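To keep things clear, I will list the structure first and then write my remarks on it.
The values are calculated or read from the model by the stated rules, or taken from the named source; none is laboratory data. Since the structure is predicted, the reported quantities are computational estimates derived from the model, not experimental observations. Every residue, glycine among them, receives a Cβ derived from its backbone with ideal geometry; neighbour counts consider all protein chains shown.
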Amino acid sequence: MRTAPFVSPSEIERETGFGKDQLRKWRQRFGFPPAESTADGKAAYSRKTISQLLLIKRLLEAGFRPNQVVGKPSRELEKLKLALSPPVPVMFRDESTQALIEQLKRTDLAGFSALLAEERAKRTLLDFVCNTVTPLMNGIGGAWSRDEIDIHHEHLCSCCVERLLHAEILKLKPKDGLPIPSVLLFSLAPGERHLLGLLMIEAALAEQGARTINIGSDVPLNILKLAAISCKADVVALSFSFAYPARDVVPTLLHLRRLLPPQIQIWAGGAGLSGIRKQLKGVRIMSDIGEAVTALNELTLQHSGTDKSSH
Ligand code: B12
């Protein structure tokens, strides 16, 4: 830990991630950071200002806007950070989660991906997403909120997990003897970038024999409607994280319901739905993977019913 009472302008970006120009703009706009100098009159930033800038960085990473945090007293910033996500107690970390997070901290992405692939090789995709990826992502969330890792580690972890899940889904062959496979279209509503939860569901359902298409994040709903119709999708599956504005979840789902033809089902899940108490007409809200597997089996039965009647 650096103990020098001041940090020079040339070092401020390395210490806080904020460039001189950014800080100059904030000083003009918010009067923060204050103009400080060392005893011999050289421009510099005090330790107090540095720790306030690091607090501001963390709050911006959590989705706050500069006018909500820049220039606010440390006490207030600490309170905001605490309220962000109450410090997650150090959850028991199973061995693979611990090893994966340690590799991430060392940015040993080759080691990280190799260990992840090793864990995958030991189990089904369903088991892998439930017992390796879920504890890892929750461990990552906890480590970030305790300043154990930086937000860039979350991005690096996510891209490695995404790449592996996409590769595993591509390897899956349609199951023989199954009637017409169900076509599931996966997507994230505009503004939602938490793709992993949905990809984990896709992997588990693709392993069950569904034909899955994932058009990713930030898809305008009318485009999603056109894609669903042209793919002859049986289901459109969406995911909402905690970061998605809670007030927008129900209007988004009901809007999509109005857009889609009635024979296309809507399945929705994710932490962002935890506040919804009642089922929405024409939308199947699911809390976990198990419910999705059950729903898929029901759909497959429906298809086998149609299959038999068409023969
Ligand atoms: C990884 C991650 C990211 C990654 C996402 C990468 C990616 N490609 O997905 C990145 C770095 C991009 C990111 C960005 C942000 N994030 Co983020 N993120 C996380 C983190 C660490 C893990 C989330 C995750 O991947 N979980 C995957 C699985 C394990 O969980 P899940 O999504 O809930 O899915 C499971 C179930 O819900 C269910 N399910 C999910 N979807 C569906 C759908 C169906 C149909 C079904 C049946 C089931 C189902 O099955 C899944 C598997 O069990 C969480 C912390 C946490 N512990 O949750 C923070 C977290 C969600 N993020 C948060 C925030 C604030 C943000 C940002 C705003 C930060 C910023 N300033 O930029 C941005 C917002 C981006 C946006 N617009 O969406 C906050 C939200 C808090 C809040 N109240 O707002 C959290 C909680 C972190 C925190 N502790 O504060 N994030």
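General observations
- Figure legend. Inter-residue proximity from the stretch 253-271: first residues within 12 Å of residue 236 (Cβ to Cβ) and aliphatic (A, V, I, L, M), second residues assigned to a loop (DSSP other than H, G, I, E, B) and within 16 Å of the ligand (Cβ to nearest atom), beta-carbon distance below 6 Å, spacing 6+ or different chains. Indicated pairs: 264/233.
- Total residues in the stretch 138-162 satisfying the condition of being modelled with pLDDT of 95 or more and under 17 Å from residue 201 (Cβ atoms): the figure is 3.
- Pairs, first more than 18 Å from residue 61 (Cα to Cα) in the stretch 151-163, second of a type in the set (Val, Ile, Thr), C-beta under 7 Å, six or more apart: 161/133
- For the stretch 15-51, the set of residues classified as more than 22 Å from residue 75 (Cβ to Cβ), in contact with a strand residue (DSSP E or B) (Cβ under 9 Å, 6 or more places away or on another chain) and not in a loop (DSSP other than H, G, I, E, B) consists of 37, 43, 44, listed by residue number.
- When residue 55 is tested against the conditions (1) out of contact with any Lys or Arg (no Cβ under 7 Å at 6 or more places or on another chain); (2) farther than 25 Å from residue 207 by Cα, the lone failure is (1).
- Residues that are in contact with a Lys or Arg (Cβ under 8 Å, 6 or more places away or on another chain), over 20 Å from residue 81 (Cβ atoms) and among the hydroxyl-bearing types (Ser, Thr, Tyr), drawn from the stretch 1-52: 8
- Any hit, the stretch 230-239, residues being acidic (Asp, Glu), at pLDDT 90 or above and within 23 Å of residue 290 (Cβ to Cβ): yes
- Residue check for residue 59: outside the structural domain of residue 191 (by TED's automatic domain parsing), surrounded by 15 or more Cβ atoms within 10 Å (Cβ to Cβ) and under 28 Å from residue 194 (Cα atoms): yes
- All told, residue 212 falls short of being over 30 Å from residue 132 (Cα atoms) and touching a residue at least 40 places away in the same chain (Cβ under 8 Å).
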